[in-house]
Amino acid sequence: MNRRDLFLGAAASTAAAQNRSSSSAPFPVGRRFTGEALREIAFPLGGIGTGTVSVGGYGNLRDWEIFNRPNKGGTLPFTFVAARLAGGGLRQPLIRVLERRPHPPFTGSSGVARETGVGLPRLREAVFTGSYPFAEIRFQDPKIPVEISLEAFNPMIPLDTDNSSLPVAALTYSLRSLASSRIEAALAFSLMNPIGYDGVSRLQSRRAGFFGQNLNEFRKQGDFSGLLLSSTKHASDWTQYGSLALATNAAAVSYRLEWEHGEWWDEFQKWWDEFLGRGRFPSQSSKPSAEGTTEYATLAAHFALDPSETKKVTFVLSWLFPNTQVLPQRDQPGAVLKNHYGTRWSSSWEPAVYTLGHLSSLRERSARYRDLLYLSGLPPAVIDAVSSQASIVRTNTVMVMEGKRVLAYEGSNDHAGCCPMNCTHVYNYEQALAHLYPDLERNMRETDFLINMRPDGSMGFRTAVPLKEGGRLPFPAADGQMGCVMKVYREWRLGGDDQWLGKLWPQVKRALEYAWAKWDADRDGVMEGEQHNTYDIEFYGPNTMMGTLYLGALAAAARMGRHLGDTAAADSYQKLFEEGSKRLDQLLWNGEYYIQRIDERAERARKYQYGEGCLSDQLLGQWFAEVVNLGKLMPPGHLRAALRSIFRYNFRDGFGDFPNTQRLYAMNDEKGLLLCSWPRGSRPALPFVYSDEVWTGIEYQVAAHLIYEGMLKEGVAIVDAVRDRYDGVRRNPWNEIECGHHYARAMSSWSLLLAWSGFSYSAPDKELRFQPRQGGDNFRCLYSAGTAWGNYSQRKTPKAVEVELTVEGGALDLAVLRFPFAGQKAKVSLEAETQIANGELTIRLRRPQRIEGGKFSLTVS
């Protein structure tokens with residue numbers, strides 16, 4: 001499919017979407033894939049902190065990562081969904097596994113692995129449409145008398161952390177008859193009982209040393225029925241303890257709790273013969289498995305289809321593995337911790353039944369989030385980037401422990417987490433969790449400032465597990481520590497909790513003022529000392545990557561201090577900010593961009609610096625300042641010129657002739673943004689270690705900053721480049737890689753939505769602002785603040801501007817509203833004071849309003 005088709009959902013579907021209610025039938029909105037582009041797709045389904053199982057592009061279940069660790073390529077043998085059709089003009093019954101036929105290669109020492117069930121007949125083609133958290137697959141096969149589609153999703157509702165943390169994947173299969181007579185149909189969901197699995201080993205059969213005493217049971221509760229798979233072999237406090245459930249809302253079911261045993265291939269053959277011949281299963285009880293073995297089970301839903309009739313069957317797959325063992329950390333063994341979701345349920349059956357019982361509401365609210373994002377007036381690739389990378393919060397990259405303690409890796413390796421935990425400098429870039437689930441983000445700040453601070457004011461930039469004062473490593477990260485100050489400001493602005501801010505404020509001051517001992521000893525507002533940073537090395541001498549984060553921290557702390565009445569500290573920070581802003585610009589501006597002045601006195605400065613280079617991250621603190629509406633940290637003209645230089649010198653149209661001895665994230669004809677270039681020469685013999693790489697998290701950061709500054713074409717070009725690299729053929733669109741899969745830095749993509757819409761909310765001031773970068777005459781967008789989420793729209797008519805704000809969840813306190821306005825005078829349709837300046841209308845309500853579960857409208861003439 002061409003590029004236009006791939007992004008069909010965000011463009012051609014918009015008109016259809018605008019005419020539907022959120023409770024009507026699903027429409028194919030999102031990015032589309034078919035043919036070869038299905039190969040790499042793995043769409044993660046699961047709750048925050050629960051792990052995931054992915055739906056593959058073919059419709060298969062892959063990458064079983066529900067066992068508290070990554071498991072790329074992991075499959076459960078003979079776990080699939082198959083349809084049996086009889087009647088409807090068929091000469092004899094037929095069975096099709098509800099997956100697309102696989103693509104080559106078909107290699108292996110014994111042929112293609114049979115445990116995937118790939119030897120059974122499948123469907124000819126599929127079209128996969130992804131708009132997280134929903135995936136829709138429309139299967140195509142002219143030889144069968146039905147149309148078949150699958151909708152897979154997991155509940156994802158902004159601000160509703162509990163319902164967004166359900167350990168479930170909901171799979172709804174829809175069958176529409178094309179026959180002229182009745183069809184008798186059955187959908188059979190087969191799966192292995194994996195309890196005891198270590199989450200890493202390759203499973204080829206039901207035999208392994210960690211299996212034994214595995215029990216499959218049938219359960220019925222009200223209108224729902226299904227299977228509960230468990231084991232009594234492992235103690236309840238161990239990592240391999242848990243259960244798996246499969247439940248359905250189908251009225252008529254049959255089941256087999258253990259496949260009939262035999263030699264060689266007998267089990268699979270007997271299953272096939274029984275389902276094909278009888279179309280039903282015996283629905284008999286089972287006994288625990290023998291030591292070293294487990295069992296396969298099947299749950300089948302039965303129904304009839306009259307000509308042109310459509311019926312749907314929903315299966316909810318649910319799991320509960322309550323104990324996590326984290327990676328060993330230097331002198332600490334891997335600790336076993338209780339997951340938060342493991343404290344909510346006693347078995348996996350409970351969340352399965354809860355989900356089925358609340359399916360309509362969970363789906364509708366999740367779809368509302370999806371729809372409002374895809375209806376936003378943003379370019380399709382930008383929407384895709386925002387949507388797809390929000391999925392990272394559901395993967396094993398982000399863990400949520402007992403008490404909602406967030407412990408997050410930087411990313412996930414194939415079979416273990418990467419770079420534990422809560423790395424402050426990597427999470428400087430992440431914006432999705434902060435805006436979608438701010439309670440979890442606030443918990444990370446509490447860990448930063450109430451646990452990871454040391455007596456000298458330095459902050460451990462990695463959290464130790466088990467938790468200990470000062471964190472994991474004996475030295476701080478300059479970018480991480482200054483970024484954490486800005487993140488406290490962000491969390492306070494979004495939530496407006498003065499008590500929370502007051503609790504952290506003494507430690508925030510200590511963290512900021514530590515700079516005067518370590519990085520800015522002469523207290524001139526410019527960092528000069530040894531600065532450990534996100535490139536896993538130290539910069540020596542002034543540079544604007546650290547410098548703008550320092551300036552942003554000073555500006556943010558001045559505002560927080562003044563609000564709390566700490567005027568002495570606020571005045572001190574503000575004065576130093578103003579001095580540092582001037583000095584940093586004077587020291588480092590070369591006429592095109594900002595450089596690094598290497599401190600040649602430092603012995604370790606002989607390598608791993610960037611000097612005269614054009615660093616893509618050189619304005620990192622300014623990007624963050626835009627996100628939290630702090631204003632310009634340095635001269636606006638220089639900031640814009642530096643951004644233009646970053647794009648001009650670091651964005652490449654191809655890498656076929658580019659020598660890179662480092663890690664490879666863009667190759668051949670792919671486009672991407674280098675971390676650094678040296679357009680004026682003087683490249684160090686050994687520059688900083690990642691300088692020739694391409695990181696999506698930095699690409700999104702720079703793209704958003706370009707958009708903030710009105711350079712829309714350049715910003716979108718970078719986003720297009722990323723999404724073109726992750727096209728389903730080369731890479732998985734729902735898994736952006738840096739140091740590991742689902743890398744947290746890629747959640748900087750959320751700032752693209754903030755930049756394009758110009759969204760800003762200050763809960764302390766009750767002030768909401770939108771500054772659409774394009775399409776302001778008829779613009780709409782999703783917003784998610786710390787206390788509410790919903791939709792904003794503004795529409796220009798011949799005589800007025802109509803503004804509407806909806807709250808889909810939470811409550812929004814509103815006293816001031818600001819948005820673009822081209823007129824000289826303004827008359828509003830409610831009691832308010834107005835002011836027009838620089839093309840922006842400010843409306844101050846005489847009576848502040850709380851908007852809760854409704855909408856706020858006004859007309860400006």
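Condition check for residue 117 on (1) open to solvent by less than 10 Å² (accessible area, probe 1.4 Å); (2) within 30 Å of residue 376 (Cβ to Cβ): one failure, at (2).
Matching residues to (1) in a loop (DSSP other than H, G, I, E, B); (2) open to solvent by less than 10 Å² (accessible area, probe 1.4 Å):
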| site | (1), (2) |
| --- | --- |
| 158 | yes, yes |
| 173 | no, yes |
| 180 | yes, no |
| 194 | yes, yes |
| 198 | yes, no |
| 209 | yes, no |
| 216 | no, yes |
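When residue 259 is tested against (1) over 29 Å from residue 312 (Cβ atoms); (2) touching a helix residue (DSSP H, G or I) at 6+ places or on another chain (Cβ under 6 Å), exactly one condition is not met: (1).
Quick one: which residue in 337, 356 is over 26 Å from residue 535 (Cα atoms), in contact (Cβ under 8 Å) with a residue 40 or more places away in the chain and assigned to a helix (DSSP H, G or I)? When all the criteria are applied, what remains is 356. The single condition from (1) over 19 Å from residue 581 (Cα atoms); (2) aromatic (Phe, Trp, Tyr); (3) open to solvent by 10 Å² or more (accessible area, probe 1.4 Å) that residue 535 fails is (3). Could you list, in sequence order, all residues of the stretch 679-702 that are open to solvent by less than 30 Å² (accessible area, probe 1.4 Å) and either among the acidic types (Asp, Glu) or in contact with a strand residue (DSSP E or B) (Cβ under 8 Å, 6 or more places away or on another chain) (or both)? Listed by number, the residues that qualify are 687, 688, 691, 692, 693, 694, 695, 696, 697, 698, 699, 702.
Surrounded by fewer than 19 Cβ atoms within 10 Å (Cβ to Cβ) and out of contact with any helix residue (DSSP H, G or I) (no Cβ under 6 Å at 6 or more places or on another chain): does that describe residue 184?
Spelling it out, residue 184 is indeed surrounded by fewer than 19 Cβ atoms within 10 Å (Cβ to Cβ) and out of contact with any helix residue (DSSP H, G or I) (no Cβ under 6 Å at 6 or more places or on another chain).
The listed residues are 299, 320, 257, 337, and the only one of them that is under 26 Å from residue 198 (Cβ atoms) and at pLDDT below 95 turns out to be 337. Among the residues making up the stretch 612-622, those that are in a loop (DSSP other than H, G, I, E, B) and either hydroxyl-bearing (Ser, Thr, Tyr) or open to solvent by less than 10 Å² (accessible area, probe 1.4 Å) (or both) are 613, 616, 617, 618, 619. Comparison of 732, 668, 660 shows that the only residue that is touching a strand residue (DSSP E or B) at 6+ places or on another chain (Cβ under 8 Å) and among the polar types (S, T, N, Q) is 732. Of all the residues in the stretch 263-305, those that are under 22 Å from residue 84 (Cα atoms), open to solvent by less than 30 Å² (accessible area, probe 1.4 Å), part of a loop (DSSP other than H, G, I, E, B) and among the small types (Gly, Ala, Ser) number 1. Among the residues of this structure, residue 420 counts as one that is part of a loop (DSSP other than H, G, I, E, B) and in contact (Cβ under 8 Å) with a residue 40 or more places away in the chain.
Just one of the listed residues (601, 644, 559) is under 31 Å from the mean Cα position of the chain (by Cα), open to solvent by 10 Å² or more (accessible area, probe 1.4 Å) and more than 21 Å from residue 705 (Cα to Cα), and it is 559. The residue that is farthest from residue 774 (Cα to Cα), counting only those in the stretch 831-861 that are touching a Ser or Thr at 6+ places or on another chain (Cβ under 9 Å) and among the aliphatic types (A, V, I, L, M), is 851.
Can you pull out every residue in the stretch 123-147 that is open to solvent by 10 Å² or more (accessible area, probe 1.4 Å) and in contact (Cβ under 8 Å) with a residue 40 or more places away in the chain? 125, 127, 136, 138, 139, 141, 144, 145, listed by residue number. Picking from residues in the stretch 218-239 that are more than 15 Å from residue 291 (Cα to Cα) and either hydrophobic (A, V, I, L, M, F, W, C) or in contact with an Asp or Glu (Cβ under 9 Å, 6 or more places away or on another chain) (or both), the one that is most open to solvent (accessible area, probe 1.4 Å) is 238. Please verify whether residue 205 is free of Cβ contacts under 8 Å to residues at least 12 places away in the same chain, surrounded by fewer than 21 Cβ atoms within 10 Å (Cβ to Cβ), of a type in the set (S, T, N, Q) and in a loop (DSSP other than H, G, I, E, B), treating the condition exactly as stated. In short, no. For the stretch 516-528, the criterion of a residue being free of Cβ contacts under 8 Å to residues at least 40 places away in the same chain, open to solvent by 30 Å² or more (accessible area, probe 1.4 Å) and of a type outside the set (Asp, Glu) is satisfied by at least one position. Screening the stretch 628-741 for helices (runs of 4 or more DSSP H) wholly inside it with 2 or more residues that are farther than 22 Å from residue 547 by Cα and in contact with a Leu (Cβ under 6 Å, 6 or more places away or on another chain) returns the ranges 712-725. Scanning the stretch 127-148 for residues that are part of a strand (DSSP E or B) and either at pLDDT below 95 or more than 25 Å from the chain's Cα centre (by Cα) (or both) yields 139, 140, 146, 147, 148.
Among the listed residues 343, 424, 355, identify the single one that is at pLDDT 95 or above, touching a Gly at 6+ places or on another chain (Cβ under 6 Å) and over 17 Å from residue 71 (Cα atoms).
Among 343, 424, 355, only 424 is at pLDDT 95 or above, touching a Gly at 6+ places or on another chain (Cβ under 6 Å) and over 17 Å from residue 71 (Cα atoms).
Within the stretch 553-581, being outside any helix (DSSP H, G or I) and among the basic types (Lys, Arg) holds for no residue. Among the residues here, residue 625 does not qualify as open to solvent by less than 10 Å² (accessible area, probe 1.4 Å), at pLDDT 95 or above, in contact with a strand residue (DSSP E or B) (Cβ under 8 Å, 6 or more places away or on another chain) and not hydroxyl-bearing (Ser, Thr, Tyr).
Against the criterion of being open to solvent by 10 Å² or more (accessible area, probe 1.4 Å), in contact (Cβ under 8 Å) with a residue 60 or more places away in the chain, within 27 Å of residue 626 (Cβ to Cβ) and part of a loop (DSSP other than H, G, I, E, B), residue 430 does not qualify.
The values are calculated or read from the model by the stated rules, or taken from the named source; none is laboratory data. In this text, all values refer to a predicted model and were calculated from it rather than measured experimentally. In this analysis, Cβ positions are derived from the backbone assuming ideal geometry, glycine residues included, and neighbour counts consider all displayed protein chains. Calculation scope for accessible area: heavy atoms of the full protein, side chains included, ligands and nucleic acids excluded. Shrake-Rupley method; radii C 1.70, N 1.55, O 1.52, S 1.80 Å.
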